[in-house]
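Below is one structure, written out as C-alpha cells; the observations come after it.
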Amino acid sequence: MPFDPNASFGKSLFFGEILEDQIFPYPQMPRDQAELVQPICETIDKYMADIDRARLDRTGEMPAELLASLKEMGLFGVIVPEEHGGLGLSNTGYARVMQQIASWDGSIAVTLGAHSSIGFKGLLLFGTDEQKRRYLPRLATGEMIAAFCLTEPGSGSDAFSIKTSARREGDFYVLNGQKLWITNGGIADFYTVFAKTTPDTPQQKGRISAFIVPRDLGGVTHGPHEDKMGIRASNTTAVYFDSVRVPAANLLGEEGKGFKVAMSILNHGRTGLGAGAVGGQQRLLQLAVAHAAERKQFGRPLASFGKVKEKLGRMATNLYVSESLCYLVSATIDRGGVDYSVEGAATKVFNSEALWSATDEALQIAGGMGYMREQPYEQAMRDARINRIFEGTNEILRQYVGLTGLQKPGEYLKGLGKELSSALTAPIKSFGLLRDYAVRKAKQSVPMQALPYGREPQITRAHPVLQEQVVYLEDAVQSLAAVCETALRRHGRNIVEQQLQVSRIADIAIDLLALCAALSRTSGLIERKGLEKAKNEISMTYTFYSDARRRVRANLRASTGRNNDESIQHVADAAVAAGGYENDVLK
Ligand SMILES: Cc1cc2nc3c(=O)[nH]c(=O)nc-3n(C[C@H](O)[C@H](O)[C@H](O)COP(=O)(O)OP(=O)(O)OC[C@H]3O[C@@H](n4cnc5c(N)ncnc54)[C@H](O)[C@@H]3O)c2cc1C
C-alpha cells in the first residue's frame, strides 16, 4: 500500500499495529533539496568557524553584525516559500540546516529556530494569502524577526490558562497582557500572540485566538534581556501588550481556535528542535572522540578502554537513532502527512534527552578537564539543558504521547465509549476534565479479545540481518497494546491522573518508534551500500535494540503493578508536608 497521509504510524503502535508502508522504505532527502541544503551548510560552516562562541556566551548578547550576517546568508528565510522571497526548503531541508547551525552554537540555533519553527510558522500554516503577501517577504530577509508569544507568568505548561485578552471593538481587537520568556522578544517586529477572545467564567475557560501583532502597531514593549543559564546570547524577554489595537484582519485562523493554532505550530516545529539536538550530539561526539584518542592514561589512549568505548558507542548510537527518528518524521510532514503529533513529540523527547546524555558523557570522558570553564563542555551542558524544558516540557509531552496514543484503544473498548475518547482528544487541555465522568463506565464490560492481537508478521521489508529485532518489535508492539488495554480497563477515565503509568506507556512507545526508525533506515542503507559497508549502522541498530529492549522490558514489568508508584508518591507527599527532609543523623 502507498504512504497514507492520514495515518499515524506512532498512534497505531498503541493499537498493536505497525503501519509498515508509513516507514518503509526509509525516506531519502530528495536530490533537489539536498542540492539546495548542501551549499547552505557549507556557508554555515565557513561563517561559524570564525565566531567566538565563548564570547557570545560570556556577554550574553547577540551582536548586531552577527544578526546582519545571518540575514545576509538567507538564514531567516529558509522555510519561506520562494514566491515570497525565501528558499522554500522542505521540513527535512530546514531540519538539516538547523542541525548544522546547532552543531556550532545553541544561541544562534535558538534565535533562528524561534523565528522559523514557531515565530511565523502560524502564518505559513494558517495565514491568509493577504497576510502572507504582507509579511513573508520581510520575514524572509530578516527585516522582520518573529517571536511566538504563548507563555505568561501564570501560564506555562497549562497554556489554556493564559490571561492575555483581546476584546473585539469594531474592526479591531484590543490586546492587553504580558508574555514571559519570549525568545527574540526584544528583537522581534512580528509577534504571533495568543489571547483570550472570550473571558473565563466559573463554568468554562474562555476561548483562545491567535493574532499577528507587528510591533509597529504601538503599545508593544519588552522587558530586559533575561540573564540565562545557557543559550545566553539568544534574546529572551517579557513582552507587554498595552491596549494594542490589532486589526481584525490580523486574526490568525478562526476566532476561538487559537489553542489549535498554537498546538499545530508546536507540533510542526518539533523536528526543528529535534534536528538541533542531532547537531549538538554530533559536536559532542566529535569532541569526545578527539579527547579519547589523544589523552593517554596507563600508557594507552582512553579510547582503548572498554568503559570509554561503551560511552562513545552509546553516544554514536543515540545520535544515529535521533537522526533516524527526526528525519523520518520530517519526511512524513513533507509527504503531506497530517497526523504526526505523537511522532513529533516523541522525537523532541528522545532527541533532547539523547543530547543531554551526550553532554554528560562527553564531559565525563574529558575528566577533570571537562569541568573547566575554558573547555566547551560546561557551556554545552548549560546550552543543552533548555531543550527538555521549552516547546513543551518532556513531562508534558510524555503525557501527551501516552494519552493521545491511548485514545484509539480507548475508542475501541466500547465500554469506555465516546466520552473517554473525546476527553483524550486534547489531553493537555483535558487534565482534570475526565474527573467528571462516571468511573463505572470504565469497568470490565468489554471482552479481552476486543483488541486485534495475534496478527500476521507486520514488517516484511526489513533486511534479514535485522530479523531478531523485527520479531522482538512485533511482540513488543503487541505488549504495548495489551498494557494500554489493561490500563484503560483498570483506570478508565481516571487514566489521565495516572501519570506514572501514562509516562511508562509513552516511554515504551517512544523506544519502539525509535527502533522502527532505526530498522527502516538501516535496512535502506544495507540495500544501498551492501552489508559490509553498513556494518557500523547494523551495529548501532543492534546496540540500540538491546538498550531499548531492556528499558521496554522494565516498563512493561512496572506496568503490571510491580512498581514503586505508590511508595514514591507517598514519599513526595511526605516531603511536601514536611517542607523538605525531616531526618537528621543528629536527631
Ligand atoms: C530560554 C527560554 C525560552 C523560551 N521561549 C519561549 C518562547 O519563545 N515562547 C513562549 O511562549 N514560551 C517560551 N518559553 C517558555 C517555555 O515554553 C516554558 O518555560 C515551558 O512551557 C514550561 O512552562 P513553565 O516554565 O511555566 O513551567 P511549569 O508549567 O510551571 O512546569 C514546571 C515543571 O512542572 C512540570 N509540570 C507542569 N505541569 C505538569 C503536569 N500537569 N503534570 C506533570 N508535570 C507537570 C513541568 O514538566 C516542569 O517540569 C521559554 C522558556 C525559556 C526558559
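The values are calculated or read from the model by the stated rules, or taken from the named source; none is laboratory data. All of these numbers come straight from a predicted model, not from anything done at the bench. Quick reminder, even Gly has a Cβ in these numbers, built from the backbone with ideal geometry, and neighbours come from all protein chains shown.
A search for C-beta distances below 9 Å between a residue of region 147-173 that is under 26 Å from VAL110 (Cβ atoms) and any residue that is aromatic (Phe, Trp, Tyr) and within 7 Å of the ligand (Cβ to nearest atom), counting only pairs 6+ apart in sequence or on different chains, returns THR151/TRP181; THR151/PHE390; GLY156/TRP181; ASP158/PHE431. When region 312-336 is limited to residues that are under 11 Å from HIS268 (Cα atoms) and either surrounded by fewer than 24 Cβ atoms within 10 Å (Cβ to Cβ) or outside the structural domain of GLN282 (by TED's automatic domain parsing) (or both), the one that is farthest from the chain's Cα centre (by Cα) turns out to be ASP334.
When region 27-44 is filtered for residues that are exposed (fewer than 15 other Cβ atoms within 10 Å of the Cβ) and either within 25 Å of the chain's Cα centre (by Cα) or assigned by TED's automatic domain parsing to the domain that holds ARG382 (or both), the ones remaining, listed by number, are GLN28, PRO30, ALA34, GLN38.
In region 39-96, what count of residues is obtained for those that are of a type in the set (A, V, I, L, M, F, W, C) and not in a loop (DSSP other than H, G, I, E, B)?
Residues flagged as of a type in the set (A, V, I, L, M, F, W, C) and not in a loop (DSSP other than H, G, I, E, B) within region 39-96 amount to 12.
Would you mind stating whether GLY279 is buried (at least 16 other Cβ atoms within 10 Å of the Cβ) and in contact with a strand residue (DSSP E or B) (Cβ under 7 Å, 6 or more places away or on another chain)? Spelling it out, it is not the case that GLY279 is buried (at least 16 other Cβ atoms within 10 Å of the Cβ) and in contact with a strand residue (DSSP E or B) (Cβ under 7 Å, 6 or more places away or on another chain). The criterion of at least 3 residues that are within 15 Å of LEU150 (Cβ to Cβ) is met, among strands (runs of 3 or more DSSP E) falling completely within region 201-247, by 208-214, 236-247. Looking across region 217-273 at every residue that is modelled with pLDDT of 95 or more and among the hydroxyl-bearing types (Ser, Thr, Tyr), the one that is farthest from the ligand (Cβ to nearest atom) is identified as SER243.
Scanning region 406-418 for residues that are at pLDDT below 60, surrounded by 17 or more Cβ atoms within 10 Å (Cβ to Cβ) and not acidic (Asp, Glu) turns up at least one hit.
Does GLY142 meet the test of being at positive phi and away from the ligand (no atom under 16 Å from the Cβ)?
For GLY142, the condition - at positive phi and away from the ligand (no atom under 16 Å from the Cβ) - is met.
Scanning region 454-493 for residues that are surrounded by fewer than 16 Cβ atoms within 10 Å (Cβ to Cβ) and acidic (Asp, Glu) returns GLU456, GLU468, ASP475.
The set of residues in region 174-201 being more than 13 Å from THR221 (Cα to Cα) and either more than 10 Å from the ligand (Cβ to nearest atom) or of a type in the set (Lys, Arg) (or both) consists of VAL174, ALA195, LYS196, THR197, THR198, PRO199, ASP200, THR201. The number of residues in region 147-173 being assigned to a strand (DSSP E or B) and either surrounded by fewer than 17 Cβ atoms within 10 Å (Cβ to Cβ) or within 10 Å of the ligand (Cβ to nearest atom) (or both) comes to 8.
Which of the residues that make up region 68-91 are under 21 Å from the mean Cα position of the chain (by Cα) and under 18 Å from GLU42 (Cβ atoms)? Of everything in region 68-91, those that are under 21 Å from the mean Cα position of the chain (by Cα) and under 18 Å from GLU42 (Cβ atoms) turn out to be VAL78, LEU89.
Have a look at LYS205, LYS121 and point out the one that is in contact (Cβ under 8 Å) with a residue 12 or more places away in the chain, more than 10 Å from the ligand (Cβ to nearest atom) and closer than 25 Å to ILE333 by Cα. Result of the check over LYS205, LYS121: LYS121. So GLU343 ticks every box in (1) within 13 Å of the ligand (Cβ to nearest atom); (2) within 30 Å of VAL483 (Cβ to Cβ); (3) among the acidic types (Asp, Glu) but one. Which box is left unticked? Of (1) within 13 Å of the ligand (Cβ to nearest atom); (2) within 30 Å of VAL483 (Cβ to Cβ); (3) among the acidic types (Asp, Glu), only one is false for GLU343: (1).
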